[in-house]
Amino acid sequence: MITAQRSNTRRALTLLELLLAVAITVLTGLAIAAVTTSIARGLTSMNEARSALQRAYAAHARLRAYTTGALAFISVDPDRGIAVWHNDDRFNNRVNLSELRIFWLEPSSDGAPGKELVIEMVAFPEEWEEDELELADAELAGVDDPFNEMLALRAQGWTKRSVIADGLESVAVTHSAINLVHANRVRIALTVQIGANSTEDILMAFGLPNHKAPG
Amino acid sequence: MRRSSLRHPARSRAFTLLEALTAVTILGVVVLAVTAAITASQKVAFEGQKRILAAMSADDLMSELLTLTYDDLRARDGTIQPVGSMVTLDGEQYPDVFWALGRTISVENVILHEASLDISVSGVLVRIVVTDGSATLAEAEVFVPEPIA
């Protein structure tokens, strides 16, 4: 009896009410989805920017560590990298192969987007005697291309390499001297990738307090 | 009681003003809490980014200053690069990402005394402070001995 009376007092939604309810639900859902997506995008973008900056900082610290005490930047090739005269261990005012460090800008070795900055230096076999070392550790003549020289040594298996930064797009070197080898201050401009489609420019200034140009 | 229920069966009724206000307040508090959390995390992230860039720019400037002669170095005392106007020693402008930072250089004459050896070394204490205009974000300090004439 009670059930029968209750059912009489309840009525179904009209089509208009139902459509209105559906429309409100859909609009509310879309609004919530839009806000959530926007927050997620913002957080992702923030994380990517932070990650890019951390990579830039790591690159900065490692570049500085590998160039501390360096004597001169001797060559820059936008497509290949930077060649640095690191020390004059043989005290001859010339760049010997063992005193050379190359910072290569190469496609990422693990297939990730962007390029890697790789340092490569000469590592002659440890069992070599001094006369063998002297023979192999040739002086770099003015006409020699330090990049090709390092490639030739790599082909012999006489170099060691390590990645110092990844996710890079480009590396450029600027200075205010007559030419690069005479610059005791250089700037390295790194373009770091942020996510898939954007980049950030970072400037690094390097002083070479021990600077000397090769003879 | 039972008759009353029968006479006024369970009909849906509108929200009272108090219920509506409570619902709006709860919703408002939730929205505000989420917004505040996002804003706070963005602020922390931005602060971290500024500190990373500040450390880099302090190292850079120190590295450049150490290429100067002793007298040139002393002449840099009091140099101020205002926030958003950082340049390298050769005048190259820093990119946009450094917009929130400025640097100051102080060069102070000091004499270091090593009591155990009973020697004194005169020189300058080079100090770089990187700020965002309100707080110090990074500092670098190096003692440069006076060259022997």
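The values are calculated or read from the model by the stated rules, or taken from the named source; none is laboratory data. Note that the coordinates shown come from a computational prediction; the quantities given were computed from them, not determined experimentally. Every residue, glycine as well, gets a Cβ built from its backbone with ideal geometry; the counts of neighbours run over all protein chains shown. Just the protein is used for accessible areas: all its heavy atoms, side chains included, with ligands, DNA and RNA removed. Shrake-Rupley method; radii C 1.70, N 1.55, O 1.52, S 1.80 Å.
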Within chain B, what's the longest run with no trypsin sites (Lys or Arg not before Pro) in a DSSP loop and at most 12 other beta-carbon atoms within 10 Å? Give the range, please. B:14-149
Once exposed loop GluC sites (Glu not before Pro) are cut out (DSSP; at most 12 other Cβ, 10 Å), longest piece of chain A: A:1-125
Which lysines, on any chain, are close to residue A:115 with Cα under 21 Å apart, when same-chain ones fewer than 8 places away are left out? A:160
Whole-Hz couplings from phi, Karplus 6.51/-1.76/1.60, listed for the range A:36-47; x for Gly and Pro: 4, 4, 5, 5, 4, 4, x, 5, 4, 4, 5, 5
With the Cα gyration tensor of the range A:160-207 in hand, convert its eigenvalues to equivalent ellipsoid semi-axes via √(5λ) and list them largest first in whole Å. 25, 14, 8
Does anything in the range A:143-181 have its amide N under 15 Å from the 7 Å Cα→Cβ label point of residue A:123, and if so which residues? A:153-164
May I ask you to give the solvent-accessible area per residue for the protein assembly as shown, in square angstrom, as obtained with a 1.4 angstrom probe? 59
Extended-chain gain in nm, criterion 0.36 nm per residue less alpha-carbon gap, residue B:31 and residue B:115: 23.8 nm
Would you mind computing, in nm to one decimal, how far apart the modelled labels at residue B:41 and residue A:133 are, each placed 7 Å from Cα along Cα→Cβ? 5.5
Rh (Kirkwood, all Cα-Cα pairs) for the range A:1-128, Å, reads 21.4
More than 17 Å apart - percent of Cα-Cα pairs taken over the range A:74-153: 50
Two decimals is fine: what is log10 I(q)/I(0) at q = 0.17 Å⁻¹ for chain A, from a Debye sum with one equal scatterer on every Cα and no solvent? -1.17
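May I ask for the Rg/Rh ratio of the protein assembly as shown, computed from Cα atoms with Rh as the Kirkwood radius, given to two decimals?
Answer for the protein assembly as shown: 1.27.
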Using only alpha carbons, build the gyration tensor for chain B and give me the equivalent ellipsoid semi-axes, biggest first, whole Å. 67, 18, 10
Please compute, for peptide B:54-60, the average count of beta-carbon atoms on other protein chains lying within 10 Å of each residue's beta-carbon. 5
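Sort the following peptides by mean Cβ neighbour count (other Cβ atoms within 10 Å, averaged over residues), highest first: B:29-41, B:61-73.
B:61-73, B:29-41
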Please give the charge dipole size of the protein assembly as shown, origin at the Cα centre, charges +1 on K and R Cβ atoms and -1 on D and E Cβ atoms. Round to the nearest 20 debye. 4600
Given trypsin sites (Lys or Arg not before Pro), DSSP loops and at most 13 other Cβ atoms within 10 Å, the longest exposed-site-free stretch of chain A is A:12-215
